[in-house]
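Take a look at the structure set out below.
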Amino acid sequence: MKSNLAHTARLFRLVWTLSRHGALFPLDAFDLPKGVVGLLRLLERRSDTMRPGERLAAALQSLGPTFIKLGQSLAVRGDLIGDDVADDLSALQDDLPPFPSKDAIATVEQELGSSEGELFASFDREPVAAASIAQVHFAERHDGIAVAVKILRPGIEDAFARDVAFFLWFARLVERFLPEARRLKPVEVVRNFEETVALEMDLRMEAAAAGELAENFLDDPEFRVPAVDWERTSRRVMTLERIDGIPIDEIARIEEAGLSPREVLACSARVFFNQVFRDGFFHADMHPGNMFVCADGVLSPVDFGIMGRLDRETRHFLADMLIAFLSRDYEKVAEVHFAAGYVPRDKSLGAFSQACRAIAEPILGKSQNEISIARLLGQLFQVTRTFEMETQPQLLLLQKTMLVAEGVGRKLDPDSNIWTLAEPLMIDWVRENRGPEARLRGIASEMARRVERLPLYFSKLETLSDIVTAEGIRLHPDTVAAFHAQSKGGRFWRIAAIVLALGLAALLLIELA
């Protein structure tokens, strides 16, 4: 009861803040009494110079760190809030005033169990970046290695827990009173958000993500992930090799360094393709401030708090769908969605194919350098309401990452397209993973997996036989009489039980197939 009152009070404060920023439009999605809406509109202050999404971003910025993170999370949910608002939330600045350096040093010493002087030869008092969850200080180790030290804000975990409890309470209210919103899974959205930010607040997890990405590109001379200093890393402190490079969108500086923006773009396209399709593990916060071009042309990323994963089945679905779209085979696009189970079977394949054509033709009809696969996916996700398509959070995150990658690509070379540059890799990957030989390998692998399980099936078969012949199983008297009429002993019971068990096992195998 006490928590409900606290959450209700927070809801009123939230509505008040939205009204002060002229950002009450999200309430239009809820069936509120007209009198309440009218009163709130009277309180609202609108700015004629700002778009609705910009006003919402400003409101979330004023509400603190967790709301900033929520806004960034919603920026990948164009299906929930619309593409225009999602684009504005993408620009939500994750920066706050820095916390005192004495608190940063105290956290480092407490977490790592040593004094500042023992850990570092020098430690810059002024942070180079201060975000909603952590801030970064430059330092130098005693061996002369320059590093960047990321430190969590004091008390951020408790503040986050309080805010997420409020989000969950509100999401449950939405699901309870707005049945049509259940398809969008608001509670699951909050749970995913909770999990994502909780991982961000354990800097060991971010360090592990950096380590995994580095292993995936260990033999790639075009992409280098900064090394993790595990001796100076803990739950609330992470130390990485310092990157000295040019932000990837600063074209003039890249050219002054004697590098070709077009070659940088080609390298970026290859790296992005390999992350998504080859590895199924990609950097999902690839804005220009997180990607640097080093003096030798090598790309180096930073900030590994938001990473995306795609399992093999999802990568295969994505490849099949994109190839069908680019071939303008819209019936195949629809078939791929139905086969993956993303669209309910009771929906019309023809109607979904028609919808795919309607959203793709305006995009694919443009010149090659203007085609945006990210926009295509974004338009596709907008038809989810009509066809009751299940929301796929991993694809939404990928779509937003694609959008950023395409935007950077257009800055580097307006006449090129990252998908055209990555086309040779796509062809090779599809041949290796989706061609006839790959499908035969998949069938052989599945058969081998099932052969490995045969001993388990036979064990269960024997158990089933024993159960059927046990005295504890009661058969109808007529069935018993029929068995006795055809058998001169207990041997028939065993045979009948085995036949019955084999039949059940065959049905089981057919079901598994």
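The values are calculated or read from the model by the stated rules, or taken from the named source; none is laboratory data. Fair warning: this is a prediction, and the values are worked out from it, not measured in the lab. Glycine gets a Cβ as well: all are built from the backbone with ideal geometry, and neighbour counts include every protein chain shown.
Some observations on this one:
- Helices (runs of 4 or more DSSP H) wholly inside segment 150-239 containing at least 1 residues that are in contact with a strand residue (DSSP E or B) (Cβ under 7 Å, 6 or more places away or on another chain), in contact (Cβ under 8 Å) with a residue 12 or more places away in the chain and surrounded by fewer than 17 Cβ atoms within 10 Å (Cβ to Cβ): 203-216
- Any hit, segment 294-312, residues being of a type in the set (Asp, Glu), modelled with pLDDT of 90 or more and within 20 Å of GLU200 (Cβ to Cβ): yes
- Contact annotation: residue pairs with Cβ atoms under 7 Å, 6 or more positions apart or on different chains, pairing a residue in segment 120-140 that is more than 18 Å from ASP229 (Cα to Cα) with a partner that is among the small types (Gly, Ala, Ser), are ARG125/SER101.
- Filter pass, PRO414 being surrounded by fewer than 15 Cβ atoms within 10 Å (Cβ to Cβ), out of contact with any Asp or Glu (no Cβ under 7 Å at 6 or more places or on another chain) and closer than 26 Å to MET291 by Cβ: yes
- Some residue of segment 224-238 being modelled with pLDDT of 95 or more and under 13 Å from GLY297 (Cα atoms): yes
- Qualifying residue in segment 109-121 (condition: buried (at least 21 other Cβ atoms within 10 Å of the Cβ), part of a helix (DSSP H, G or I) and out of contact with any Gly (no Cβ under 9 Å at 6 or more places or on another chain)): yes
- Taken together, the residues in segment 121-160 that are over 21 Å from LEU70 (Cα atoms) and among the small types (Gly, Ala, Ser) amount to 6.
- The residues on offer are ARG270, ARG253, and the sole one that is closer than 28 Å to GLY144 by Cβ and assigned to a helix (DSSP H, G or I) is ARG253.
- Of the listed requirements (1) touching a Gly at 6+ places or on another chain (Cβ under 9 Å); (2) aliphatic (A, V, I, L, M); (3) surrounded by 21 or more Cβ atoms within 10 Å (Cβ to Cβ); (4) closer than 28 Å to LYS69 by Cα, VAL264 misses just one: (4).
- Residue check for GLY144: assigned to a loop (DSSP other than H, G, I, E, B) and more than 30 Å from ALA57 (Cβ to Cβ): yes
- Of all residues assigned to segment 370-386, none qualifies as being among the acidic types (Asp, Glu), within 28 Å of LEU421 (Cα to Cα), at pLDDT 85 or above and outside the structural domain of VAL187 (by TED's automatic domain parsing).
- Odd one out for PHE317, checked against (1) surrounded by fewer than 19 Cβ atoms within 10 Å (Cβ to Cβ); (2) on the phi < 0 side of the Ramachandran plot: (1)
- So ASP285, is it surrounded by fewer than 15 Cβ atoms within 10 Å (Cβ to Cβ), in a loop (DSSP other than H, G, I, E, B) and either hydrophobic (A, V, I, L, M, F, W, C) or on the phi < 0 side of the Ramachandran plot (or both): no
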